[in-house]
Amino acid sequence: MAVTGGVLVLFLVAHMVGNLKIFMGAEDFNHYAHWLRTMGEPAVPYRTLLTVLEVGLVVAVVLHMWSAVSLARRARAARPVKYEAKKKSHAHGYATHTMRYGGVIILLFIIWHLLDLTFFVVNPKGGDASPYERVVADFAPERWYITLFYVVAVLLVGLHLWHGIWSAFQSLGLRSLRNEHTLRVLALTVSVVLTLGFLAVPLAVTFGWVS
């Protein structure tokens, strides 16, 4: 679970950097979107490397979810009867519920995001517009509810990352008394940067800073 989570974090970093190119203007953003589909040409056919990356990401997501379910089952099997004398802390319970239910919402968001900006099924401009035009149409002021949904989903991703990155450090045996504070700060910093980076584009379009 920690390894697949790390793969997904690296993807989010790269995806965020690409998204922020929209602030450089339509030409730069459209050029970046075109480059994604032509990576490796002419050595490999159009969209080959992007498709390989997409398949790899799907595999990582499926394995990540499978790991979460497997670990939950193991935990229940190891402790079939709950202890009554010692209750879980509020922080632990909050983190567990956030990861569990937040993960479901994130999965629904990923599905919507693919239908919107990859397959263009729910995008107002459809497949005939440029990538820049589709993003601007998606988060137009009159579609504030889409922006709100995006904001809620990204905030849940941020919480998921915060707890997940810290847990990954522990799972991989990287935590020690000496570096515990540093790793906690690193987990928080990565989650905050990614959250702000992904929120920047929809909010900028909705409030008219990008049009």
Q: Give the residues of region 154-211 that are in a loop (DSSP other than H, G, I, E, B) and among the hydroxyl-bearing types (Ser, Thr, Tyr), sorted by residue number.
A: Ser176, Ser211
(Q) I'd like the full set of residues that are loosely packed, with under 14 Cβ neighbours inside 10 Å and polar (S, T, N, Q), limited to region 7-58. (A) Thr51
Q.
Exactly one condition in (1) under 16 Å from the mean Cα position of the chain (by Cα); (2) under 19 Å from Asn19 (Cβ atoms); (3) surrounded by fewer than 17 Cβ atoms within 10 Å (Cβ to Cβ) is false for Leu188; which is it?
A. (2)
**Q.** Single unsatisfied condition, Ala200 versus (1) surrounded by fewer than 15 Cβ atoms within 10 Å (Cβ to Cβ); (2) under 24 Å from Gly5 (Cβ atoms); (3) modelled with pLDDT of 95 or more; (4) not charged (D, E, K, R)
**A.** (1)
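The rows are residues; the columns are (1) touching a His at 6+ places or on another chain (Cβ under 8 Å); (2) assigned to a helix (DSSP H, G or I); (3) not β-branched (Val, Ile, Thr).
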position: Ile106; (1), (2), (3): yes, yes, no
position: Phe109; (1), (2), (3): no, yes, yes
position: Gly126; (1), (2), (3): no, no, yes
position: Glu142; (1), (2), (3): no, yes, yes
Q.
When you check Tyr150 against the structure, is it part of a helix (DSSP H, G or I) and touching a Pro at 6+ places or on another chain (Cβ under 8 Å), yes or no?
A. yes
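The values are calculated or read from the model by the stated rules, or taken from the named source; none is laboratory data. All values derive from a computational prediction rather than experimental measurement. Here the Cβ is made from the backbone with ideal geometry for all residues, glycine too, and neighbour counts use every protein chain on show.
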